[in-house]
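Only one structure is covered here, and it is reproduced in the block below.
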Amino acid sequence: MKHITLLSTLIIVLLFIGATNSIAKSSEARFQTVSAKQVKLVQKGKNKKSCIICGMNLQTFYKTNHAAETKKGTKKQYCSIHCVVHDNEINKTDLVNLKVVDTNSLKFISADKAFYVVGSSKPATMSRVSKYAFSKKSKAKAFAKKYGGKVMNLHDTYTEAMKDKY
């Protein structure tokens, strides 16, 4: 009888530890998520809350969102640079005016002027390698110092995202 009680207690403790680890991992996996009132959607229509390429929820992955226009003026929003690469390279969409969400201010900034941190310990979106953007190089360096990764420009980050795809 003592063995059964001891075994039951051990199982309960292990389940508790597993649940605690799972909760910690799921909250970490939501680093990209912001509240609904912080989200800026640039596209129109019934699917405006979803990535134009993969359909993932834009709010859930907002800190890695990108937006662009086609030469015809259609506005598109993406969950990640990975989906930008897909639309541009696979779908052959000629995108202009590429913007990215600044990780700190949560506002769209010019992707050409952004400083990306590639390969941090924060979770990635649509990739194994994370890519977060910042409006100031000092903010990107501080993020990289705390979470790892390398500070890069748009061209080098886009090239890294192409490696995910090909």
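Under 5 Å between amide hydrogens, built in the peptide plane, is the criterion, and for Ser80 it picks out His66 among residues at least 5 positions away or on other chains. Taking amide H positions as modeled 1.01 Å from N, with prolines and chain starts lacking one, the residues under 5 Å from Thr93 and 5 or more places away or on another chain are Asn88. Among the listed pairs Lys49/Lys71; Lys99/Lys141; Lys75/Lys146, a Cα-Cα separation exceeding 26 Å is found for Lys75/Lys146.
Close amide H contacts of Met56 (hydrogens built in the peptide plane, cut-off under 5 Å, sequence separation of 5 or more or a different chain): Cys51.
Sorted from longest to shortest, the spans of the Cα atoms of the stretch 36-165 along the three principal axes equal 40, 33, 24 Å.
With q set to 0.14, 0.16 Å⁻¹, the log10 of I(q)/I(0) for the stretch 121-166, from the Debye formula over equal scatterers at the Cα positions, is -0.32, -0.42.
Taken together, the values in this text are just the output of simple stated rules run on the coordinates, not laboratory data. Everything numeric in this text was worked out from a predicted model, so none of it was measured.
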